[in-house]
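What follows is a set of notes on a single structure, which appears directly below.
None of the figures in this text is laboratory data; all of them are computed from the coordinates on show. Since the structure is predicted, the reported quantities are computational estimates derived from the model, not experimental observations. Note that each Cβ is placed from the backbone with ideal geometry, even for glycine, and that neighbours are counted across all protein chains shown.
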């Protein structure tokens with residue numbers, strides 16, 4: 001068992017020698033230290049481990065109360081018990097010491113029995129404080145471990161949602177990961193904080209979750225969509241909102257399931273910021289800066305930032321990827337299309353952030369390639385696409401329409 005360490009502070013060496021002589025027979029489990037300079041004492045308190053301090057109140061350079069204040073204001077040692085030694089006449093100082101959270105008071109002349117009793121009591125207080133601190137640290141570690149487990153579980157569930165959407169489309173898992181990664185890069189470039197960026201990274205891959213509700217005949221059609229099919233394709237935004245919003249949870253509770261353990265868990269579920277942002281993205285990533293997007297024709301700053309960011313991330317990756325209705329475009333051609341859409345299709349600030357961050361975009365793209373080897377088609381030299389989007393959702397061959405087709 002380690003010795004309990006006690007520091008005595010008094011500017012009179014004779015007093016410290018008296019403490020030393022008197023306590024030897026009581027101090028079998030104690031390690032006694034002595035300081036005549038209170039400033040040195042404070043330095044030792046900061047750099048060594050003590051269990052109790054016994055300090056005179058009237059000392060040059062630093063009084064006992066000032067030393068007590070330093071201890072209580074320091075997060076590292078604030079739980080260290082400090083016993084203040086005062087004279088009988090120092091009633092005001094005694095009250096002040098107690099108000100400052102002194103562990104105990106000793107009157108001069110100090111009686112040996114009182115000294116031993118007060119020190120033992122202070123050591124017990126320190127022991128309880130140490131036990132509580134250890135318990136709290138253990139609890140914090142367990143909470144942190146559990147939080148990591150829950151976070152990993154949440155990401156795993158999100159991944160499975162991403163995969164569920166992919167089974168209804170020809171897009172790969174790397175597509176949704178690239179969209180999430182691009183979106184996080186753009187959010188950082190726009191000055192958003194870490195919480196927003198990380199939430200966006202997890203939420204963005206769910207942008208097309210509503211495609212689960214679109215028929216295969218429309219979703220996988222290799223040719224141009226007719227008007228009716230295009231209308232069905234556009235419903236994937238609203239279907240995504242229906243999947244991700246709280247409406248399904250409300251319906252579950254309305255079914256009188258709250259008496260079950262699952263029902264209670266649903267009823268008590270805390271707000272999930274990732275799902276909240278994913279809902280916003282599903283609803284708005286096809287809106288356009290000029291108001292000509294869908295489903296609600298929002299424009300400008302009325303489109304939430306998350307939706308504006310994912311819009312360009314999704315279109316760029318769609319341009320660069322092979323689909324059933326097109327071959328992948330070259331980077332040069334894809335960038336030209338994005339620049340063409342700045343101020344009409346896309347938020348100009350987000351477009352600028354994309355170009356400023358393009359080295360990071362390329363690094364992500366190279367690190368998350370699809371299994372199939374893609375051969376980019378040559379850059380376009382005119383304002384038309386020459387039918388590159390002959391299928392899927394393309395309605396005309398103009399570049400502005402071409403972007404609309406890639407982001408379906």
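Things worth noting here:
- Pairwise FRET efficiency - residue 155 versus residue 11, Cβ, R0 = 56 Å, nearest 0.05: 0.40
- Segment residue 363..residue 91, full-extension length gain: 90.7 nm, with 0.36 nm per residue of separation and the alpha-carbon distance subtracted.
- Extension gain for residue 117-residue 332 works out to 69.1 nm (0.36 nm per residue, less the C-alpha to C-alpha distance).
- Full extension of the chain between residue 339 and residue 227 gives 37.5 nm of extra length, using 0.36 nm per residue less the Cα-Cα distance.
- Sorting 55, 22, 153 from the fewest to the most surrounding beta carbons within 10 angstrom yields 153, 22, 55.
- In the range 73-224, Cα pairs under 8 Å separated by at least six residues give a relative contact order of 17 percent.
- The packing ranking of peptides 359-369, 231-241, 284-294, highest mean first, is 284-294, 231-241, 359-369, where packing means the average number of other beta carbon atoms within 10 angstrom of each residue.
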